[in-house]
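See structure below.
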Amino acid sequence: MTNYYLAIEIGGTNLRYGVVDEAFQVLEFQKEPSSLLSDAEDKGAYIEHLVSPYLKRYGREQFQCITLSLASLMNRERTINYNSPHIRGLDHISLTEILSKQIGLPAFMERDVNTALLYEIWHRHMDSSGIIIGIFIGTGLGNAMCIDGKIYIGHSGSACELGHIPVPGFTRDCGCGKKGCIELKASGKALHRLAENLFHCPVSEIFEQYGDREEVLEVVRACAAAAATEITILDPKCVILGGGVVEMKGFPMEYFEQTVRENLRIPNPRESVVFYRAENAPEAGIVGAAINASARMRNEI
Ligand SMILES: [Zn+2]
């Protein structure tokens, strides 16, 4: 009987990994700095070294697959990593192929925003019919969409790049290779710039110390404008709001919600849309990766 998932979340700071059972309960959970994977010459060997104690303890035959969650642009089939901004050496490779050869199990991967939304829907026992949106304001502006229980990845696999919609008249270079993306105004990066150049404070204190300053509110309004754009097009049942910026002390949730609603049509979706705050659970990435693998194995995605 193969019951377990070897699940790994490769984040910008931490690599979290462990064992998740078929009911998506976490049996094992550990973390390492992601820099170790970044520095590793042989990514497959490094990941095998992390998970081999689990394979020994539980027996390889108990695992149905290895499943990953990471911030990476990838193809529609989720077999090729085009670009992974946080980890060196993960561009234009197939991490799933490397791992399935190295570890001897089927391998799956999905974008971190999508596994985060899958986790939220599962954790909240939400009815997944209709459209559920995730907006994750972290270093960048992350976005995910679940339509009738399925994560929407688009024709080429690159849907939901909400951070990279253009702002008319804005021409600053974005890390994605384009100019004038809204993420430059609506993200932790924008707050970081203000903290460093204007307020000279740790970015984590920016809402507490300078939350009423126009420059800070402008970043919140830009996030709200992006959210309102998506809500206007999709009329979702609800929006799950998360990410490091939302978790920061003093994040003006009410002002954000109010600004989103002001930018929505009357009466709906202005009145109908519901906001939830994401759980900031450390194990969300690995559980979401397991949920994704389960759906993939049942051909539900
Ligand atoms: Zn961009």
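Structural remarks
- Distance violations [Cα-Cα > 24 Å] among Lys43/Lys101; Lys43/Lys150; Lys56/Lys101; Lys31/Lys56; Lys189/Lys237; Lys185/Lys249: Lys43/Lys150; Lys189/Lys237
- Taking only protein heavy atoms and a 1.4 Å probe, the accessible area of the chain is 50% carbon and sulfur.
- Cα gyration tensor category, rounded, prolate or oblate, for the stretch 1-156 with a/c compared to 1.5: oblate
- Loop-located trypsin sites (Lys or Arg not before Pro) in the stretch 236-293 whose Cβ has at most 13 other Cβ within 10 Å (DSSP): Lys249, Arg265
- Value of Rg to Rh for the stretch 246-301, rounded to two decimals, is 1.17; Kirkwood radius and Rg both from alpha-carbon coordinates.
- Candidate residues His125, His49, His92: accessible-area rank, largest first, probe 1.4 Å: His125, His92, His49
- Largest first, the three principal axis extents of the alpha carbons in the stretch 128-277 are 46, 34, 25 Å in whole numbers.
- Förster radius 30 Å - calculated FRET efficiency between Phe170 and Ile266 (Cβ-Cβ, nearest 0.05): 0.60
- Taken per residue, the accessible surface of the chain reaches 46 Å², heavy atoms only and a 1.4 Å probe.
- Ordered from highest to lowest accessible area with the whole protein assembly present and a 1.4 Å probe, Phe63, Phe136 read as Phe136, Phe63.
- Set against the 2.2 N^0.38 Å expectation for a compact globular protein, the chain has a Cα radius of gyration ratio of 1.01.
The values are calculated or read from the model by the stated rules, or taken from the named source; none is laboratory data. None of these values were measured; they are calculated from a predicted model. All Cβ positions, glycine included, derive from the backbone under ideal geometry; neighbour counts span all protein chains shown. In case anyone asks, the SASA skips ligands and DNA or RNA and just uses the protein heavy atoms, side chains included. Shrake-Rupley method; radii C 1.70, N 1.55, O 1.52, S 1.80 Å.
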